[in-house]
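The values are calculated or read from the model by the stated rules, or taken from the named source; none is laboratory data. Note that the coordinates shown come from a computational prediction; the quantities given were computed from them, not determined experimentally. Glycine also receives a Cβ, built like all others from the backbone with ideal geometry; neighbour counts cover every protein chain displayed.
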Amino acid sequence: MKKVTPKLVIVFICLIVLLVGYYAYLANKEKEAKKEAALTVVQETLSRDLEYDYPATPKEVIKYYNEILRCFYNEDCTEEEIESLGQKARELYDEELLEANEYGTYMIKLKSDIEDYKDNKRRITSFAVAASTNVDLFEEDGFDFARISCAYNIMEGEISNFTRQVYLLRKDDDNRWKIYGWEDAANLEENQSEETE
């Protein structure tokens, strides 16, 4: 029987260490590749191609719009990402709303709003778009309109605030629902009660 020499033991241990090290290296490399492959919330929101994958219903338009809003106000976006998200939001706007919000002015106001949210430690923690059965569809001046409500929970520091917006959408020539405008639900209710008095 051959005698095991100390040199052979050292070579054997070195081989085991090298194999374990190489395995750890490969495992770490795989984890890093998965991290790189995973899209951020902003990247995922921006990846939607509205030319070919436009939301089909008023509810879906508002859901996607709210995903954009959450990116604006909850994520740490670069200047470039804010501009790209702003362009995505504008793709959801009706022509009249676009005309009323010239791009340069819109971007200045948007960046100011985002900064205000960050300064006041505000975040949109959740939103809930009304069920499709609660969409008010109507026709006016030869256009199809949809009215839909969306509830928001906004945290400001440790304080939780609840608010509702009512969105008005108009169908364009390509049968796509576009955001025509929106208003705080409390203002609408106040206006309606004044009209009935």
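Return the residue satisfying two criteria in turn: it lies in region 114-140 and is hydroxyl-bearing (Ser, Thr, Tyr) and part of a helix (DSSP H, G or I), and of such residues it is farthest from LEU169 (Cα to Cα).
First, pick out the residues of region 114-140 that are hydroxyl-bearing (Ser, Thr, Tyr): 117, 125-126, 132-133.
Still in the running and part of a helix (DSSP H, G or I): 117, 132-133.
Details: TYR117: 26, SER132: 14, THR133: 16 Å.
Once the filter is applied, the top-ranked residue is TYR117.
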Exercise for review: Looking at (1) at pLDDT 90 or above; (2) out of contact with any Ser or Thr (no Cβ under 7 Å at 6 or more places or on another chain); (3) of a type in the set (A, V, I, L, M, F, W, C), find the lone condition where VAL166 falls short.
Suggested key: (2)
**Study point:** Matching helices (runs of 4 or more DSSP H) fully within region 16-104 where at least 1 residues are touching a Leu at 6+ places or on another chain (Cβ under 9 Å) and aromatic (Phe, Trp, Tyr)
**Key:** 58-74
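Restricting region 69-118 to residues that are touching a residue at least 60 places away in the same chain (Cβ under 8 Å) and more than 25 Å from THR40 (Cβ to Cβ), which is surrounded by the most Cβ atoms within 10 Å (Cβ to Cβ)? Let's see the steps before the verdict.
Taking region 69-118 first, the residues touching a residue at least 60 places away in the same chain (Cβ under 8 Å) are 92-97.
Right, trim to more than 25 Å from THR40 (Cβ to Cβ) and you get 94-97.
Numbers: ASP94: 20, GLU95: 12, GLU96: 12, LEU97: 18.
Among those that are touching a residue at least 60 places away in the same chain (Cβ under 8 Å) and more than 25 Å from THR40 (Cβ to Cβ), it is ASP94.
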Review point. Of the residues that make up region 161-180, is at least one within 19 Å of LEU50 (Cα to Cα), among the hydroxyl-bearing types (Ser, Thr, Tyr) and under 20 Å from the mean Cα position of the chain (by Cα)?
Key: yes
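Can you name every residue in region 143-182 that is without any contact (Cβ under 8 Å) to a residue 24 or more places away in the chain and either aliphatic (A, V, I, L, M) or on the phi > 0 side of the Ramachandran plot (or both)? Break it down stepwise before answering.
Within region 143-182, the subset without any contact (Cβ under 8 Å) to a residue 24 or more places away in the chain is 147, 158-159, 161-166, 168, 173-175, 182.
Result: ILE159, VAL166, LEU168, ASN175.
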Check your understanding: Which residues, counting only those in region 125-147, are among the β-branched types (Val, Ile, Thr) and crowded, with 17+ Cβ neighbours inside 10 Å?
Key -> VAL129, VAL135
